[in-house]
Every structure is written in structure tokens, then in C-alpha cells.
Amino acid sequence: MAVREPFEIMGVVNVTPDSFSDGGEWFEPDAAVTHGLRLSAEGAAILDVGGESTRPRALPVPEDEELRRTVPVVAALARTGAAAISIDTTKLAVAEAALAAGATYVNDVTALRAAPDLAGLIADRGARCCLMHMLGDPRTMQEDPRYDDVVDDVKAFLLDRAEFAVREGVREDRIDLDPGIGFGKTVEHNLELLRRVDEIAGLGFRVAVGVSRKTFIHRLADVPDPHDRAPGTIAANVLAYERGARLFRVHDVAQARQALLVAAATLGPDGA
């Protein structure tokens with residue numbers, strides 16, 4: 001591509017039987033690899049391979065099972081060189097195995113709280129990482145979430161976790177911050193975070209947004225089937241881009257990329 005796109009798309013490769021949107025669809029390794037290659041061809045710069053669902057009320061997956069699900073897929077996709085490979089995990093051993101298999105990015109929904117030593121591993125390997133805000137854990141996060149000011153609270157949390165990662169040796173330019181849309185938030189909390197993405201971007205780190213097919217879109221637009229939520233996903237992503245987000249984790253890569261290209265061309269090189 002002659003011109004570097006002013007955003008990156010992270011394509012979702014769930015190797016799980018129970019993810020909220022596509023659980024079981026790509027559970028077999030060959031199917032997951034084929035799916036990842038298709039997402040890369042559609043424009044995903046990063047492929048995010050995950051073996052443990054983080055949907056509300058999801059149960060933990062044992063470490064050995066998560067390793068079995070993810071590492072062969074990471075290795076196969078990395079060998080193709082089609083895109084950068086991310087491991088979506090909270091476990092040190094899984095991240096270590098995935099990085100050894102060719103991953104270069106760690107997506108941790110606990111922001112290094114579940115496994116603090118993961119920060120040192122990321123630093124040692126020169127990997128990139130995404131630190132996300134989540135209230136509680138997947139089993140409890142949607143049980144009456146409350147904040148004084150959701151944006152201020154999320155900002156303070158993300159800055160604290162980023163500073164921890166930097167102290168452990170992770171370079172600032174290798175840290176992305178994700179406000180965690182849908183992770184311990186009501187619809188109103190999600191909308192407020194999207195309205196004020198610019199405040200999170202003001203922390204000085206790249207902002208990642210993951211709104212793809214999420215339940216708040218159903219609540220707003222009465223779309224019960226997650227596969228039908230691409231239009232709502234696109235709307236939220238474009239608005240987040242206008243407010244400073246630059247990394248977008250999505251299931252429907254081609255549609256998201258097309259919308260973001262038009263938004264970027266309309267808004268200009270600085271996104272405003």
C-alpha cells in the first residue's frame with residue numbers, strides 16, 4: 001500500500017467454544033488459521049488470537065487448555081507473515097509460549113494485574129501490548145457496575161497500569177490503552193467513554209477501542225444477533241476515530257476498514 005493508513009485494525013480470531021459472538025465458529029486450528037488469513041487479506045494489520053472467552057459470566061479456562069487452543073494457531077499464522085500476531089491472554093505461560101511461537105503483541109484484559117510478571121516478559125521480548133480497563137472479572141463485571149465519573153476513573157486506572165508497565169521496562173510507544181467498552185459498564189458508561197475518547201487519548205498513549213458486535217449495540221438498536229451489528233460497530237468506531245482512537249479490534253474487518261478509510265480521508269491527516 002502506497003500510503004500508510006492512519007489507524008490499525010486488529011482482527012478477532014477466537015479459538016473458543018463460548019465467545020459471545022462467534023464461539024465455536026473457528027474452534028478447530030485449521031479453521032482458525034483460514035479465518036485469520038481471510039481477515040488479513042481484508043486489511044487486518046494484527047490478528048488477535050484468544051483461547052479464553054471474556055464474555056460476561058464466562059468461566060476461566062485452564063492454562064494447559066488455553067495453550068492447546070492458541071499456540072498452534074499463533075505459530076501457523078506467524079509463519080505466513082500475513083500480519084502481526086497478538087495473543088489475547090492474561091496468563092504468563094500462555095503469553096510466553098505465544099511470543100516464542102511468533103506473536104509480537106500481548107492483549108491483556110486485566111492490564112497486567114492477573115500476571116504482573118507479564119510486564120517484564122513484554123519488555124524483554126520487545127513486544128507491543130494493550131492494557132484494558134475491566135471492573136471486576138468476566139464472571140462479575142456486569143453486576144451493577146458503578147463509577148464516580150466513568151471516564152475519570154478509567155483514565156486514572158489506565159495511567160496507573162501504563163506507568164507500572166513502563167517501570168517494568170516496557171517502552172511507552174509499545175503500550176496501547178483500551179477503555180474496555182462493555183467490560184463492567186452500563187450502556188450509559190459505554191456511550192460516555194466513546195464521547196470522551198479524546199480525554200483518554202490525552203494521556204499520550206495510543207487508544208484502542210473494542211466495540212465490535214457488543215451488547216450495547218443491541219440495547220440501543222434492537223439487534224439480537226451479534227452478526228448483524230456491523231453497522232453499529234462502524235458508527236462507534238468512526239466516532240471514536242474522530243475523537244482520537246487509532247486501533248480498532250473488530251470481527252468484520254473489511255467493513256470496518258472501509259468506513260475508517262472514508263472517515264480518515266474526510267477528517268484529514270490529523271483526524272480532526
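The values are calculated or read from the model by the stated rules, or taken from the named source; none is laboratory data. Just so you know, these numbers come straight off a predicted model, no measurement behind them. Heads up, the Cβs are rebuilt from the backbone with ideal geometry, glycines too, and the neighbour counts pull from every protein chain shown. For the accessible areas, the whole protein counts, side chains as well, though only heavy atoms, and no ligand, DNA or RNA atoms are used. Shrake-Rupley method; radii C 1.70, N 1.55, O 1.52, S 1.80 Å.
Taking each residue of segment 131-158 that is basic (Lys, Arg) and looking for partners that are loosely packed, with under 15 Cβ neighbours inside 10 Å and modelled with pLDDT under 95 with beta-carbon atoms closer than 6 Å, six or more apart or interchain, yields ARG139/ARG57.
Of all residues in segment 168-212, exactly one satisfies the criterion of being at pLDDT below 95 and of a type in the set (Lys, Arg), namely LYS185. In segment 224-263, what residues are touching a residue at least 60 places away in the same chain (Cβ under 8 Å), in a helix (DSSP H, G or I) and open to solvent by less than 10 Å² (accessible area, probe 1.4 Å)? TYR241, VAL253, ALA256, LEU260 - these are the residues of segment 224-263 that are touching a residue at least 60 places away in the same chain (Cβ under 8 Å), in a helix (DSSP H, G or I) and open to solvent by less than 10 Å² (accessible area, probe 1.4 Å).
Has segment 187-210 got any residue that is assigned to a loop (DSSP other than H, G, I, E, B) and more than 15 Å from LEU158 (Cβ to Cβ)? No, every residue in segment 187-210 fails to be assigned to a loop (DSSP other than H, G, I, E, B) and more than 15 Å from LEU158 (Cβ to Cβ).
For segment 115-155, which residues satisfy the criterion of being of a type in the set (A, V, I, L, M, F, W, C) and modelled with pLDDT under 95? Talk me through it step by step, then tell me what you get.
In the first step, residues of segment 115-155 are kept if they are of a type in the set (A, V, I, L, M, F, W, C); the result is 115, 118-119, 121-123, 127, 129-132, 134-135, 141, 150-151, 154.
Within segment 115-155, MET134, LEU135, MET141 qualify.
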